[in-house]
1. Taking Ala44, is it within 22 Å of Leu141 (Cα to Cα) and open to solvent by less than 50 Å² (accessible area, probe 1.4 Å)?
2. Tell me the strands (runs of 3 or more DSSP E) entirely within the stretch 1-118 that contain at least 3 residues that are within 20 Å of the chain's Cα centre (by Cα) and of a type outside the set (Gly, Ala, Ser).
3. Based on this model, can you work out whether Ala252 counts as outside any helix (DSSP H, G or I) and over 20 Å from Tyr382 (Cα atoms)?
4. Considering only the stretch 316-337, I want to know if a residue exists there that is within 20 Å of Ser384 (Cβ to Cβ), part of a helix (DSSP H, G or I) and of a type in the set (Gly, Ala, Ser).
5. Could you tell me whether Lys118 is open to solvent by 50 Å² or more (accessible area, probe 1.4 Å), out of contact with any Lys or Arg (no Cβ under 6 Å at 6 or more places or on another chain) and under 22 Å from Asp152 (Cα atoms)?
6. Could you tell me whether Ile270 is open to solvent by 10 Å² or more (accessible area, probe 1.4 Å), of a type in the set (Val, Ile, Thr) and modelled with pLDDT of 90 or more?
7. Which of the residues belonging to the stretch 127-146 are in contact with a helix residue (DSSP H, G or I) (Cβ under 7 Å, 6 or more places away or on another chain) and loosely packed, with under 15 Cβ neighbours inside 10 Å?
8. Counting only residues that are of a type in the set (A, V, I, L, M, F, W, C) and open to solvent by 10 Å² or more (accessible area, probe 1.4 Å), how many does the stretch 253-267 have?
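The values are calculated or read from the model by the stated rules, or taken from the named source; none is laboratory data. Please read all numbers here as calculations on a predicted model, not as lab measurements. Don't worry about glycine lacking a Cβ; one is built from the backbone with ideal geometry, like all the others, and counts go over all protein chains shown. The area values use the complete protein model at the heavy-atom level, side chains included, leaving out ligands, DNA and RNA. Shrake-Rupley method; radii C 1.70, N 1.55, O 1.52, S 1.80 Å.
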Amino acid sequence: MKLKISQTVLPLGFQASGVSAGIKRSGKADLALFVSEAPCATAAMMTTNAFKAAPLVVSIRHLSSGHPRALVANSGNANCMTGKQGLADALAMAACVAHGLEVVSGEVLVASTGIIGKPLPMEKIRAGVPEALAALSSKGLADAARAIMTTDTFPKVASVRAKIGGRVVTVSGVAKGAGMIAPKMKTATMLAFCFTDARIEKAALRQIAGQVFDASFNAITIDGCMSTNDMAVVMANGCAGNRAIKKGSPEAAAFSRLLRSICLSLARMIVEDAEGATKFIEVRIMGARTGALAKNLAFGVANSNLFKCAMFGSDPNWGRIAAALGSVDSRLQEPLLRIALNGTPVFKDGKPVAVKNRELLKGRHIVVDVAVGRGPGRATVYTSDLSYGYVRINADYN
């Protein structure tokens, strides 16, 4: 069944809002709030960066203590490498929301994105939280998505509905990210928040979320730079009224398909919106000894600056691809290597194939297909090209 992705629906029992608290000098929305009427089974993956931002430290603590009811996120300031004061400020963000909702602070998750090393303007956040609470709406998903944007050029929102166990279940998500996008979350700056009204056991949710996040948010790269603030979360409040989804059940498989469709949609939007990008690139590896090796090979190509520059120039330079592959696995054999760009072979049978179509890579979408052997391992990674625009954006970012 093909799932229809919409952009306006929040699951039952959830409300969201996005307001301007004045954190951004532009005056654009910079404070997002998501609230559930019921405690949520929750699964999350965070950056593996050693310098985790204060809000992640707080969220990890709160995730271990119970079932969250809310998530508050600000943009314009990462609250990272801000010492003890940063940790106190992240805790204060949670406490401020908890006070307004009349819940305990441990039921509130916190996220931040923006500039590193600057104190969070707590007076603005304390003033903005009541406004965000007042603006909560079942139609507030898009507003919240706009409030977490930094260098993004468009809000990233997706929702899907389907029947599971005879009940209509909704999964919705928002994300932000256009630069500092790289994998290795146990889970860019990348934030991804998903919500569902499905009733699902926490063990099942964690298993599904781990698999889905790995195949979506952990399968994208823009510049190979891991952020300190990466965070992906899924919260399930059970308001759909379905029988609890258990690990390994047919209902779990159905729910996994829903969550995967949302996360892949959001992940692709992030790459589509990559800073300065002119190309959306899929790198597909097959024939590797294992799936893990296939993914490493795909990332080896996708993170190669020489490859990305060649794609920006619409240059079918298969040598850049081969060199990147060989740097990942020295056991690859040249006679087994096959490379195709947008369906056109450029290397096979141990030798290059002349490209006669000068327009082969002129379009926005490029698919790189690589066969490295006869093994069962395969993987797909999504990336973008490296343009003048990327350098300009990141040279001016402050």
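1. Criteria met by Ala44.
2. 31-36, 41-46, 70-77, 108-115
3. no
4. Yes, some residue in the stretch 316-337 is within 20 Å of Ser384 (Cβ to Cβ), part of a helix (DSSP H, G or I) and of a type in the set (Gly, Ala, Ser).
5. Judged against the criteria, Lys118 is a match.
6. On the way: open to solvent by 10 Å² or more (accessible area, probe 1.4 Å): no; of a type in the set (Val, Ile, Thr): yes; modelled with pLDDT of 90 or more: yes.
Answer is no for this residue.
7. Taking the stretch 127-146 and keeping what is in contact with a helix residue (DSSP H, G or I) (Cβ under 7 Å, 6 or more places away or on another chain), we get 129-130, 133.
Listed by number, the list holds a single entry, Pro130.
8. Within the stretch 253-267, the subset of a type in the set (A, V, I, L, M, F, W, C) is 253-255, 258-259, 262-264, 266-267.
Among the residues that remain, those that are also open to solvent by 10 Å² or more (accessible area, probe 1.4 Å) are: 253-254, 264.
Matching residues across the stretch 253-267 total 3.
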